[in-house]
Every structure is written in C-alpha cells, then in structure tokens.
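What follows is a set of notes on a single structure, which appears directly below.
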Amino acid sequence: MSTAVTSSLQSPLASTSIPQRIYSVDRQQFARDFNERPFMVDHALSGHSAFTMDRLHDLLERSLPIRDKVYWNAGKREVGQKWSDRPGRDFSIEEAFRRIRESDAWIIIFGADRDPEIHAMLEEGLKEVQELTGIDFAREVKNMQSIVFITSPHRISEYHIDRECSMLLQIHGKKTIHIFDQNDREVLPEEEKERFWSVDNNAAIYKPHFQDRARSFLLEPGKAVHIPINAPHWLQNGDDISVSVNQNFQFRNERYANVYRANYYMRKLGMHPSPRGAHPGRDRMKAKAMSVPVNVAKKVSAIRAKMKSA
C-alpha cells in the first residue's frame, strides 16, 4: 500500500476506545425530523483507529472473497449517470485502493460491522438512535448495517434513492451532499418510486432544473447527516481522499413497499392509481393484494440463491 495514502489518514492521536456516545444532537430535532427530513449532527468517530487506511485495507481484503460485500467503480462520473452505467475498470480494486488519490474511484465495503470495533460502534449508535427516536428497533427494523465509503478526490457519486434511512458520518476529508425532499413529486414522481420499489434500483432520474430545491450539507470530519428513506441525493467529494461510514436502517415496511408495487403493475395495465397516502383504505387493499406474489417471489429467490451457493 502507498505510504502517502496511509500516512494521510493515520493520526498519532487516533482513539482505540469506543466513545461513550457516538452522536451529539439536539434531541428534540432528532426525534421530530428522523426519517422525515435531512439534518446534521456531530459524531465522535472521526479520530478512531478503526478507520485508518491500514485497517480499511485489511477489512477490504477480508471482504473481497464474500459475494456482494464490495462494490467499486472508477473513472469520471456525471450526476445523472446510473449506477448500472459502470465506467471501465482498467485495474483491480486493490490498485484502485492503492492509487486512491488519482484513480477516480469509489469503493464501498458493505457489512463493515464485521470488524469487531466497527460493530461495537454500530451497536452503540443504534442504541442512541433508538433512544432518541423512541422506535422499537427489535420490532420495526429488519436490517441494520454499516457501510464504509472510500472515495477519490473530486469524485461524484451518482444521484439515487435508497430503501434505508441512514446516518452518514464523515471520517476523513470533506464532501458536499445534496439531498432532495422525498415528497416532492416533481423531483421524484410517483412513477419513479413505483419502479424503484418494483423492478429498478436506478429508477430515480436526476433533473438538473430542480437542483436548487436540494438542501446542501458540507460534511467534514466529525459531522454526520441524516438521509430519510427515498430522499434523492448525490455527493461531490472535496480535494482530499474521503472516508465515511454509513449506519443504515431498513424498516419492516412491506405494506409501504407493496402499495408502490401494486401501483406499478396497475399503471402497466393502463390504469391510473391514486398515489400512496391519498386513500389509506385503498392502500391497505393494495398492500394485501401484493403480499402473496411478493412472498412467493422472495421464496423463489431464496431457493435460487441457495442452489447457486451449493
């Protein structure tokens, strides 16, 4: 690994202990705005030794053999490009990491909480979010994980939406995140949400003429931003290597998702379904109607995955 890359993210003051609290927040704002609108908070992880480049390289090496635990691309990107429009990969992920200053790379390590220290910090962060929001995570959250992003200077991450809500913590470097209102139907039309929840992770389309509707947050070490479910966003990295960690929460929201799925298929049949939330009674009927085919599809998918790994 390049010494220049490593030394820039090493600190003689790096902490090796888990902070007593991860987040410093306005409790009232956190509870009011969580999963409704974006907001910034302070966090205590930016000086932690778990996020030095040596440790992240070790985590990357341990993640590579595990299917779907690492994603990366390299090359110049535009805001409106899709994740599926992958630029060429003229070198390996190891090379992209080693040359992170000039490789124009975006490296994502999924399930980074496999590292014991990161896992312990995730657990503490989750405990705090649960306490601040009053949400019973054991009942209402089906999946939680930490994701590490390692990004080259000036690199753009494409405009997209997520199924999870998240806390994005900046560890090293600076970047600006632009977050749009998930309820703005001009920015994110119902048809795009329906496609996203049904068949296409890349369904959200960037509309540059609405860029001024985004809220922009400058993320520096020690700062974090909350991103609600389906809130469209994109990021512009600063002049240095960026390391950030995302704590995300996927809720047990099948009813929510199934309404969008029902609307998607109704629209395919030439119908004009009412938007989710406009008629709660109809939403319940749509969610119930979609639950059977969705459960069957999940079982088939699980069987296929098992056969593939056998």
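FYI, it's all coordinate maths here, none of it is from the lab. As the structure is a prediction and not an experimental result, all values here were calculated from the model. Counting neighbours? That spans all protein chains shown, and the Cβs are built from the backbone with ideal geometry, glycine included.
Relative contact order for the range 114-204: what is it in percent, counting Cα pairs under 8 Å that are at least 6 residues apart?
19
Ignoring everything except DSSP H segments at least 4 long, calculate the 222 nm mean residue ellipticity for the chain; use -39,500 (n - 2.57) per segment, divide by total residues, nearest 500.
The helix-only estimate for the chain comes to -10500 deg cm²/dmol at 222 nm.
How high is the relative contact order of the range 3-252? Use alpha-carbon pairs under 8 Å, at least six apart in sequence, and give a whole percent.
28
Could you give each residue of the range 286-291 its phi-based ³J(HN,Hα) in whole Hz, using Karplus coefficients 6.51, -1.76, 1.60 with θ = phi - 60°, and x for Gly or Pro?
5, 4, 5, 5, 7, 5
Assign unit charges at the C-beta atoms only (+1 for Lys and Arg, -1 for Asp and Glu), then state the dipole size of the chain relative to its Cα centre in Debye, rounded to the nearest 20.
Using only the charged Cβ atoms, the result is roughly 1460 debye.
Would you please give the FRET efficiency between LEU269 and GLU36, computed as 1/(1 + (r/R0)^6) with r the Cβ-Cβ distance and R0 = 51 Å, to the nearest 0.05?
0.95
Considering the dipole of the chain built from charges on the beta carbon (Lys and Arg +1, Asp and Glu -1) around the Cα centre, which of SER152, LEU126, SER274 is farthest to its positive end?
SER274
Report the relative contact order of the range 160-227, percent, no decimals, based on alpha-carbon pairs under 8 angstrom and at least 6 residues apart.
56
Taking K and R as +1 and D and E as -1, what net charge do the other residues with C-beta under 13 Å from the C-beta of GLY173 add up to?
Net charge in that neighbourhood comes out at +2.
Can you list the residues of the range 207-240 with backbone N under 14 Å from a point 7 Å past the Cα of ASN253, pointing along Cα to Cβ?
Counting backbone N atoms under 14 Å from the label point, the list is 227-233.
Quick one: what are the phi-derived ³J(HN,Hα) couplings along the range 205-221, Karplus 6.51/-1.76/1.60 with θ = phi - 60°, whole Hz, x for glycine and proline?
10, 5, 10, x, 5, 9, 4, 5, 8, 6, 9, 10, 10, 8, 9, 10, x
Less than 15 Å from a label point 7 Å out along the Cα-to-Cβ axis of VAL294: which backbone N atoms in the range 171-198 qualify, by residue?
Flagged as within label range: 193-198.
Taking the dipole about the Cα centre of the chain, with the C-beta of Lys and Arg at +1 and of Asp and Glu at -1, give me whichever of PRO19, ALA203, LEU45 is farthest to the positive side.
ALA203
Around GLN145, which amide H atoms from residues at least 5 apart in sequence, or from another chain, sit under 5 Å from its own amide H, with H modelled in the peptide plane?
Those lying under 5 Å, H to H, from GLN145 are ASN248.
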